[in-house]
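Input: a single structure, listed below in structure tokens.
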Amino acid sequence: MFWLKQCPQCGGDLIDESDVHGTLISCLQCGRTLTPEEERALRQGLRQRPRARTPLPRAGAA
Ligand SMILES: [Zn+2]
């Protein structure tokens with residue numbers, strides 16, 4: 001499965017590279033892999049546009 005232009009780092013294309021070890025979504029352009037949280041959001045169809053990094057204080061967020 002692909003997600004076009006959804007990479008949170010470079011805005012590149014993400015590909016589902018799930019294997020026997022589990023699920024893994026990585027970027028074709030920069031090689032970044034998504035965190036479990038990012039992956040979950042992606043699979044749920046939450047379109048989070050890559051923007052300038054604005055780290056939010058989410059201490060303890062599950
Ligand atoms: Zn990328």
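Every number in this text was worked out from the coordinates using simple rules, so none of it is lab data. Keep in mind the model is a prediction, meaning the values are calculated, not measured. Because the Cβ atoms are built from the backbone with ideal geometry, glycine has one as well, and the counts that use them run over all protein chains shown.
Some observations on this one:
- Selection within segment 12-30 - outside any strand (DSSP E or B) and near the ligand (Cβ under 7 Å from one of its atoms): G12, Q29, C30
- Residue pairs meeting the criteria (Cβ under 9 Å; at least 6 apart or on separate chains; first in contact (Cβ under 8 Å) with a residue 12 or more places away in the chain and under 18 Å from P55 (Cα atoms), in segment 8-36; second surrounded by 14 or more Cβ atoms within 10 Å (Cβ to Cβ) and of a type in the set (D, E)): P8/E38
- The residues of segment 31-46 that are more than 8 Å from the ligand (Cβ to nearest atom) and farther than 19 Å from R58 by Cβ, listed by number, are T33, R43, G45.
- Of residues in segment 2-11 being in contact with a helix residue (DSSP H, G or I) (Cβ under 9 Å, 6 or more places away or on another chain) and part of a loop (DSSP other than H, G, I, E, B), the one farthest from P36 (Cα to Cα): Q6
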